[in-house]
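> My questions all concern the structure below.
Every number in this text was worked out from the coordinates using simple rules, so none of it is lab data. These figures come from a predicted structure and were not determined experimentally.
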Amino acid sequence: MSDRLSAPLQCFDLRTRAVHSGVLCGPVEFDGSAEVGHLHLLRRGPSRVTNPQWRRSAVIEACVLFIPRSGDHQLDGGHASGSDVEG
C-alpha cells in the first residue's frame, strides 16, 4: 500500500546530493547560483542560519531547514562542540 504523498511526488524530478554529513564546526557557505533548493537536517547542537534576505536565526534543537529556492545562505555550527548536520 502506498502513502498519500507517493502520487504527488511522482510529478517532480527530485534529485539529492549530500554536501555535508556530521559535526559542523564553524561556518559553511551555500552558493545560490546553482538554482537548486536546500534541505538541511539539524540533528543536535546549536546552529545559526544566515541569509541576505533574513536576519540571523538561531536554531537550538533538532529541526529540518527547507530552503525551496536557490539563494545564498550560511550554516554555522559554532566553534566549540559544533552541531550535527546532514545536507
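> Running a GNM on the chain with Cα contacts under 10 Å, which residue among 65, 42, 24 ends up with the highest mean-square fluctuation?
Of 65, 42, 24, the Gaussian network model singles out 65 as fluctuating most.
> How much mean residue ellipticity at 222 nm does the chain get from its helices, if each DSSP H run of length 4 or more adds -39500 (n - 2.57) and you divide by all residues, to the nearest 500 deg cm²/dmol? Could the numbers behind the result be given before it?
Working: 1 runs with 4 residues, N = 87.
It comes out at -500 deg cm²/dmol, rounded to the nearest 500.
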